[in-house]
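Below: the structure, in structure tokens.
The values are calculated or read from the model by the stated rules, or taken from the named source; none is laboratory data. None of the values given here were measured: they were computed from a predicted structure. Quick reminder, even Gly has a Cβ in these numbers, built from the backbone with ideal geometry, and neighbours come from all protein chains shown. Areas reflect the complete protein model, heavy atoms only, side chains present, ligands, DNA and RNA absent. Shrake-Rupley method; radii C 1.70, N 1.55, O 1.52, S 1.80 Å.
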4 protein chains.
Amino acid sequence: MKMTKRELDTAKTREILIESAENLLQQKGYEKMSVSDITKASGVAKGTFYNYFNKKEEIIFELNKRHMNGLSNKIKSLSVDDPSISIRRYLVDFLQIIVNSKVNLARQWVRFVAASSNTEKWQYDNELLQKLIKGLIKSERLKPNTPVNELSILLTTEVYGIIFSWCITPETIDPVKTINSFCDLQLNSLIEPYVNK
Amino acid sequence: MKMTKRELDTAKTREILIESAENLLQQKGYEKMSVSDITKASGVAKGTFYNYFNKKEEIIFELNKRHMNGLSNKIKSLSVDDPSISIRRYLVDFLQIIVNSKVNLARQWVRFVAASSNTEKWQYDNELLQKLIKGLIKSERLKPNTPVNELSILLTTEVYGIIFSWCITPETIDPVKTINSFCDLQLNSLIEPYVNK
Amino acid sequence: MKMTKRELDTAKTREILIESAENLLQQKGYEKMSVSDITKASGVAKGTFYNYFNKKEEIIFELNKRHMNGLSNKIKSLSVDDPSISIRRYLVDFLQIIVNSKVNLARQWVRFVAASSNTEKWQYDNELLQKLIKGLIKSERLKPNTPVNELSILLTTEVYGIIFSWCITPETIDPVKTINSFCDLQLNSLIEPYVNK
Amino acid sequence: MKMTKRELDTAKTREILIESAENLLQQKGYEKMSVSDITKASGVAKGTFYNYFNKKEEIIFELNKRHMNGLSNKIKSLSVDDPSISIRRYLVDFLQIIVNSKVNLARQWVRFVAASSNTEKWQYDNELLQKLIKGLIKSERLKPNTPVNELSILLTTEVYGIIFSWCITPETIDPVKTINSFCDLQLNSLIEPYVNK
DNA sequence: GATGAATGAGCATTCATTCAT
DNA sequence: AATGAATGAATGCTCATTCAT
């Protein structure tokens, strides 16, 4: 499916706006990044922003979507491995994405998620994990009586806690290392009763 | 140490300002709470706020100080008990304080802590835990080779993660219950190697 | 005079634009009705509006023209009747047209007419009345010394006042009833000296 | 009751804002007069406007209040005169006030009153007239069976119609002359049945 | 210490209009 | 003739902070 030159142009403008916003978000934070900042950095007129987004807020959702894309695709391939390994791999991937996007962006994300009782993001992440666990049950890697819900909540909470702590003391916390040591120490004993050998 | 009537008056004004700010913070969040809101709610003139605080931001620090007061006093009494019990008690107390202050205030706290690389708060909480663990070592409840630092970081991270998750989905997460089940499942096995029997 | 298919299409587009504008004018008022609103409601692109009208304002003139069309045709047939009856009939028709177009549209009309010293509309209405009175003189229903100008101004003023009052308190004023009682009470005595019996 | 220097200053600022607004309203109309225009013309900062008025709209009410002040005080003194004379005097005064305030201001007033179904102003004017008529009944200048309501509505409608027409064609209409000739021709015959001789 | 008027930068958002395709 | 992306001026309003009284 080809794009006309015009469609290409608008896609490009959209892209530039999103990238500029990402940079600014990292530098200044959501509240201090004005729409004007974004358009100036993008080299377009202020009004142009509103040709692509209805509200300033919308650009945050956009950024999230991009970052977490791909993760959900991996779920399937992970579902057939050894549970302890595949869960670890998933958690590490998740945190790696966050780490890659720089700590300031993560901070904004924390602030945004915590601000309004904006449940969606948490729910989404929780459901991805549930999908993974259910996949492992289906492929008979885990027993049918595995407490899917409790397990996914526990793991999401763990991951969120790590991100949060990382935001606060990035020098002290290495998210990937932390999640690995969590897996070493606790994950195995948590899932052991439900693993099919 | 006595206060003159004048000193009492100004102490009272300060008190009222802080209380009003706490209420408003809960209702509206930091950004949407204006200095004007605070002074109106306190029944004083707008300018009066600046007789007590240099910047709007300052009042947040004040609030934090108050909430976590008292907790540090308990440390000593806890240091002589059974490690698993005393650590659990401390963590439960910590979360109980947060829960008591309502979810909206916790949200603001999360937002604030995450915003600037405001390390202080995290450090402070982490140090309290270290004090507790060191106390337990001193009273020979825990072995000298207990990895104080790793353990305190792990526990702080856990607690912060729970608070964060609670802010996002208060219906799903009961912080006290969650920390208890964390202690049941994981705390014991974590500290077991270091417990003096 | 036939239209080609193309001419028909463009005539239709024009029509749709005008109709959409009329609806929106009623609902939102002139200032709050954007060109974008009009084109969206019409199912055409924003730019299309400017193929048919030079400025947003122009569409108002268009609407006015349409509404008052037809009224001028009746003048001739009315000119040969009993003066008191034909003038009353004319005034009632006039107000009926306004009433039919809903009070919100009338309000916009009032606002528009009052805004700029937009004399045209008033002049036009006044001249129609003069035509009627002159017709009645010509058909010898009224005497030649009838003060055409004074009379038409007086009547136009009366009618405009009723519309205006109706816009303000539509519950209190029934335009048609009001004009009828005006005719009952005052019209007869006003024109009596000039009626040929 | 004295005013402190400070109170005097704020009263003065308020005054200047209102005066500037009145001038601008006359020149540009409500929509095209920005808050910025008002404050610039007043020589104060933009924010200052909002120390005195909550919304831009509020200044219109303020202006109306001022213009119509005084009229209501006259009611009492008029109530004891010959009905036809006192009513005429009242109507002439009313229109004189409008005429004095320049046609462009009257236009804005018409636009404003017609915009929202802003009934208040009409009601207020209608009630003033009712007060006058009731006063005349009380002082036995008019009979008790005078149809107060019908009469006041009829007269308010008449006056509003004249103002409206004047806004549209100020060259054609002289409001005071028009109301006088209305009184000559119609008022007497309207109230005659109810006058006590 | 208390007051509250004044400040003015700052912001999100709207919208009529243009114009290259 | 139709499109719709781009424009950028304009606007109402907020608010932390200052400072003369």
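Tabulated values for the structure
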quantity: Protein-only accessible surface order, largest first, of C:D174, C:D81 at 1.4 Å; calculated: C:D174, C:D81
quantity: Carbon + sulfur, % of accessible area of the protein assembly as shown - ligands and nucleic acids excluded, 1.4 Å; calculated: 51 percent
quantity: Lys, Arg +1 and Asp, Glu -1 on Cβ, resulting dipole of chain B about Cα centre, debye, nearest 20; calculated: 600 debye
quantity: Pairs from B:K12/B:K56; D:K65/D:K134; A:K65/A:K131; C:K56/D:K40 whose Cα-Cα separation, in the structure shown, is over 26 Å; calculated: C:K56/D:K40
quantity: Charge dipole magnitude, Cβ of K and R +1, D and E -1 - the protein assembly as shown, Cα centre, debye nearest 20; calculated: 680 debye
quantity: Simple spin-label estimate for B:E58 and D:A11 in nanometres, 7 Å along Cα-Cβ; calculated: 3.7 nm
quantity: Accessible heavy-atom area order of C:T48, C:T156, highest first, probe of 1.4 Å; calculated: C:T48, C:T156
quantity: Amide proton proximity set for C:L142, modelled H, under 5 Å, gap of 5+; calculated: C:I137, C:N196
quantity: Rg ratio (alpha-carbon, reference 2.2 N^0.38 Å) - the range B:1-64; calculated: 1.11
quantity: Whole-Hz couplings from phi, Karplus 6.51/-1.76/1.60, listed for the range C:156-167; x for Gly and Pro; calculated: 4, 4, 4, 5, 4, x, 5, 4, 4, 4, 5, 4
quantity: Along each principal axis, Cα extent of the protein assembly as shown, largest first, Å; calculated: 127, 86, 46
quantity: Under 16 Å from A:K143, Cα to Cα: aspartates and glutamates that are on another chain or at least 8 residues apart; calculated: A:D81, A:D82, A:E192
quantity: Listed residues D:F61, C:W166, B:N23: farthest to the positive end of the dipole of the protein assembly as shown (Cβ charges); calculated: D:F61
quantity: Nearest-ten-degree value, helix C:119-138 long axis tilted from longest Cα axis of chain C; calculated: 40 degrees
quantity: Chain-alone versus full-assembly comparison, the range B:95-131, residues with accessible loss of at least 20 Å² (1.4 Å probe); calculated: B:R107, B:V110, B:R111, B:V113, B:A114, B:A115, B:S117, B:T119, B:W122
quantity: Most positive-pole-ward Cα, C:T146, A:S79, D:L154, against dipole of the protein assembly as shown from beta carbon charges; calculated: C:T146
quantity: Pairs from B:K28/C:K46; A:K46/C:K28; D:K32/D:K102; C:K102/D:K76; A:K121/B:K121 whose Cα-Cα separation, in the structure shown, is over 28 Å; calculated: B:K28/C:K46; C:K102/D:K76
quantity: Angle in degrees between helix A:83-100 and the longest Cα principal axis of chain A, rounded to the nearest 10; calculated: 20 degrees
quantity: Solvent-accessible heavy-atom area per residue, rounded to whole Å², over the range B:34-94 at 1.4 Å; calculated: 52 Å²
quantity: Debye log10 I(q)/I(0) at q = 0.12 Å⁻¹ for the range D:66-197, Cα point scatterers; calculated: -0.45
quantity: Protein accessible surface hidden between C and D, which excludes ligands and nucleic acids, total in Å², probe 1.4 Å; calculated: 2800 Å²
quantity: Size of charge dipole - the range A:75-166 - debye, nearest 20, with Cβ of Lys, Arg +1 and Asp, Glu -1, no other charges; calculated: 160 debye
quantity: Buried on assembly, the range C:148-186 (at least 50 Å² less accessible surface than by itself, 1.4 Å probe); calculated: C:T157, C:F164, C:I168, C:Q186
quantity: With DNA, RNA and ligands ignored, accessible area of B:S181 (1.4 Å probe; Å², nearest 10); calculated: 50 Å²
quantity: Gap separating the Cα centres of the range B:177-195 and the range A:18-80, nearest whole Å; calculated: 40 Å
quantity: Candidate residues D:T119, D:T146, C:T10: accessible-area rank, largest first, probe 1.4 Å; calculated: C:T10, D:T119, D:T146
quantity: Degrees between helix D:5-28 axis and first principal axis of chain D (Cα, 0 to 90, nearest 10); calculated: 70 degrees
quantity: Position A:N180, label points 7 Å along Cα→Cβ, spacing to each other copy in nm (shortest first, one decimal); calculated: 3.6, 9.3, 10.1
